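Comments concern the structure below.
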């Protein structure tokens, strides 16, 4: 390592491949964190919640086109605050992590009985993971497999594996595994589900020409994928679950959004429904960080679709009024129909 005039202010950490800062430079880092734009801060919060994470996971979380776009964003906007650890997983520096937790309420459950800061951090991570796992299992009505975790959880299956040794072990830790169910039972059910899905995919492939599908075939497959996930379908969802790839839709319809329109999938309506659900849960003015924390869709995706986060919230208010008017009109029509039946 080359000599430095700031040896009292920083030290080199061989594990992270980055410098660790002393108190003077730490204050400078905190100043930079305080000056982050809302979007960058929300994405840094995502890193803290999801670490260890990857370009692929963040691509879906942030609605980006590729892992390369994620890397470019990290380098240009969050470079001082993250590093790549084992297996190139993305992690947050200690200074940035402490700042985010202190300013985002992530330490609200810490008590004096908690151990060291490292133990507290692990307890917070585990608690959030298990709460999320219970929520997913309740919504599905059964123990989730890895694919269902990727589709419905805020965290990756790798995250559960890293913290608990496996998804089944995480379910046990969460207390949602019946006493009669063993790991072999869980594995057998999971493998059987994979075989059924593979068989269904083969059946669909035999019905269609995957090399040159028609517009009707593309639409039908997109509608099938939409029925099997809870979010607005993305090209990556199609690549993973469908028999056609995203570029096929680009070639046929001109853009992915136009493909959604052709399939009768109302992206704006689904985003507004998700915003309305999250706003009802937080019971206050909806923020981007809350949307990222509790929503099925990221605030970035929503802001891009509506032209900005402020515009999205304004559209939500308009949408709610429209729904109220529709409900009132529907009720009036029902009453009038009933009166017509009574009066003959």
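The values are calculated or read from the model by the stated rules, or taken from the named source; none is laboratory data. These numbers come from a predicted model, not from an experiment. FYI the Cβ positions are ideal-geometry reconstructions off the backbone, even for glycines, and counts take in every protein chain you see.
Listing for the model above:
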| read-out | value |
| --- | --- |
| Listing of helices (runs of 4 or more DSSP H) fully contained in the range 5-120 that carry 2 or more residues being under 26 Å from residue 161 (Cα atoms) and at pLDDT 75 or above | 38-50, 55-61, 67-77, 94-103 |
| All positions within the range 182-191 that are under 12 Å from residue 142 (Cβ atoms) and touching a helix residue (DSSP H, G or I) at 6+ places or on another chain (Cβ under 9 Å) | 186, 190 |
| The one condition in (1) over 22 Å from residue 39 (Cα atoms); (2) surrounded by fewer than 13 Cβ atoms within 10 Å (Cβ to Cβ) that residue 320 fails to fulfil | (2) |
| Among (1) closer than 25 Å to residue 138 by Cα; (2) assigned to a helix (DSSP H, G or I); (3) at pLDDT below 85, the one test that residue 225 misses | (3) |
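The rows are residues; the columns are (1) within 29 Å of residue 291 (Cα to Cα); (2) out of contact with any strand residue (DSSP E or B) (no Cβ under 7 Å at 6 or more places or on another chain); (3) not in a loop (DSSP other than H, G, I, E, B).
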{"position": "154", "(1), (2), (3)": "yes, yes, no"}
{"position": "161", "(1), (2), (3)": "yes, yes, yes"}
{"position": "173", "(1), (2), (3)": "yes, yes, yes"}
{"position": "177", "(1), (2), (3)": "no, yes, no"}
{"position": "185", "(1), (2), (3)": "no, yes, yes"}
{"position": "188", "(1), (2), (3)": "no, yes, yes"}
{"position": "191", "(1), (2), (3)": "no, yes, yes"}
{"position": "194", "(1), (2), (3)": "no, yes, yes"}
